[in-house]
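Engineer: Submitted below is the structure of interest, expressed as structure tokens.
The values are calculated or read from the model by the stated rules, or taken from the named source; none is laboratory data. Predicted model only: the values in this text are computed from it and were never measured. Note that each Cβ is placed from the backbone with ideal geometry, even for glycine, and that neighbours are counted across all protein chains shown. With ligands, DNA and RNA removed, areas are computed over all heavy atoms of the protein, side chains included. Shrake-Rupley method; radii C 1.70, N 1.55, O 1.52, S 1.80 Å.
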Amino acid sequence: MKESIISFLFHYVVRFGYKILWWPIPCGLDNIKELPADGAILAGNHFSHYDPITVGIYPARFPHFMAKRELFTGKFGWFFKIIDLIPVDRSKHDSGLDGAKEHLEKGHLVVLFPEGTTKWKQPNQLLPFKLGAVRLAALTGRPIIPFAVVGKPKLFHYGCAKVVFGQPIWISSKRELLDENERVRKAVAELMEELGCNNVQLIPGAPAHNPSKEPPLGLAKINKTSPL
């Protein structure tokens with residue numbers, strides 16, 4: 001479970017500074033206090049672009065995020081490579097799974113946002129989940145730790161963002177992965193409600209092929225008369 005020195009420093013420096021300056025409220029920390037030494041998968045909703053930091057500062061070990069490949073081609077691409085993010089081509093099926101599986105086999109933590117985007121939805125809506133998290137769990141035997149994030153952090157404003165971690169979910173390769181995927185999504189919805197997000201709406205249907213560029217069909221039907 002060796003980490004690069006830069007990843008280690010980034011984790012602890014950012015953790016300290018973020019807690020001091022943005023004051024997010026964490027809940028359910030007992031569920032990530034003693035994560036399996038051979039790795040675990042963290043999966044939850046995607047509320048804002050701050051979510052990776054809000055989620056990532058609480059596990060004791062450095063979390064490795066699955067991130068869109070566009071981040072690696074920008075001017076800060078070198079930085080994302082150094083901290084060992086896992087690139088994902090969102091236009092390709094199962095992209096990034098091999099890299100995530102490799103990290104899990106090394107005993108690392110892998111973090112996914114199965115909605116694939118922060119776009120299209122209202123704060124109380126949860127988009128259909130892509131199957132990456134449950135596929136990884138079924139392939140590797142590692143548990144999924146569901147989480148939920150509500151709110152966007154604001155400098156020197158206590159509690160504008162909240163995060164909660166749920167109890168581990170073990171995925172059986174003998175069960176239908178679509179059902180397992182929905183079980184994880186419902187667990188995330190319950191955690192969102194635990195943080196005060198009322199009447200969480202599970203958007204029906206399959207996820208969009210590329211969620212950052214197109215909304216899922218189920219959302220388009222629901223918002224047909226009142227577009228976002």
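Engineer: Assign one of three labels to the range 141-188, namely rounded, prolate or oblate, based on the Cα gyration tensor with a ≥ b ≥ c the square roots of its eigenvalues; rounded applies when a/c is under 1.5, prolate when it is not and a/b is larger than b/c, and oblate otherwise. Intermediate values should be presented prior to the final figure.
Structural biologist: On the way: a/c = 4.88, a/b = 3.03, b/c = 1.61.
Here the range 141-188 falls in the prolate category.
Engineer: Continuing with the same structure: Using amide H atoms built 1.01 Å from N in the peptide plane, name the residues 5+ places from V111, or on other chains, whose amide H lies under 5 Å from its own.
Structural biologist: L42, H64, F65, M66
Engineer: Once amide H atoms are built 1.01 Å from N in the peptide plane, which residues 5 or more positions from F147, or in another chain, come under 5 Å H to H?
Structural biologist: HN-HN under 5 Å from F147: A43, G44, N45, G166.
Engineer: Could you tell me the distance between the Cα centroids of the range 128-172 and the range 176-212, to the nearest Å?
Structural biologist: The range 128-172 and the range 176-212 have Cα centres separated by 11 Å.
Engineer: Continuing with the same structure: Over the range 49-206, what is the percentage of antiparallel beta bridges among all DSSP beta bridges, to the nearest 5? Mind showing how you got there, number by number?
Structural biologist: Details: 6 of 14 bridges.
Percent antiparallel among DSSP bridges in the range 49-206 is about 45.
Engineer: Another question about this same structure. Keeping all protein chains in place, calculate the accessible area per residue for the range 16-154 (probe 1.4 angstrom), answer in Å².
Structural biologist: Ligands and nucleic acids excluded, the result is 44 Å² per residue.
Engineer: Give the relative contact order (percent, whole number) for the chain; include only Cα pairs under 8 Å separated by 6+ residues.
Structural biologist: Details: 425 pairs, mean separation 59.8, N = 228.
That works out to 26 percent.
Engineer: Could you pull the accessible area for R61 with a 1.4 Å probe, rounded to 10 Å²?
Structural biologist: It works out to around 60 Å².
Engineer: Could you pull the Cα extents of the range 32-129 along its three principal axes, largest to smallest, in whole Å?
Structural biologist: Result, largest extent first: 37, 31, 25 Å.
Engineer: S173 to E34: FRET efficiency via 1/(1 + (r/R0)^6), r the Cβ-Cβ distance, R0 22 Å, to the nearest 0.05?
Structural biologist: Values: r = 25 Å, r/R0 = 1.12.
Calculated value: 0.35.
Engineer: Carbon and sulfur atoms: what percent of the 1.4 Å accessible area of the range 1-148 do they account for?
Structural biologist: Details: 4340 of 6950 Å².
Taking all protein chains in place, the range 1-148 shows 62 percent carbon and sulfur surface.
Engineer: Order L177, L217, most accessible first, counting only protein heavy atoms with a 1.4 angstrom probe. Don't jump to the answer; show the numbers that get you there.
Structural biologist: On the way: L177 40, L217 135 Å².
Output order, biggest surface exposure first: L217, L177.
Engineer: Could you work out how far apart the two model spin labels at K186 and K106 are, taking each label as a point 7 Å from the Cα in the direction of the beta carbon, and quote it in nm?
Structural biologist: Taking the simple label geometry, K186 and K106 are separated by 3.6 nm.
Engineer: If you don't mind, there's one more thing I want to ask. Using the basic label-point model (7 angstrom from Cα toward the beta carbon), what is the K154 to K213 distance in nanometres?
Structural biologist: 3.6 nm
Engineer: Can you tell me the Rg and Dmax of the chain, counting just the alpha carbons, in angstroms?
Structural biologist: Cα radius of gyration and Dmax of the chain are 16.7, 52 Å respectively.
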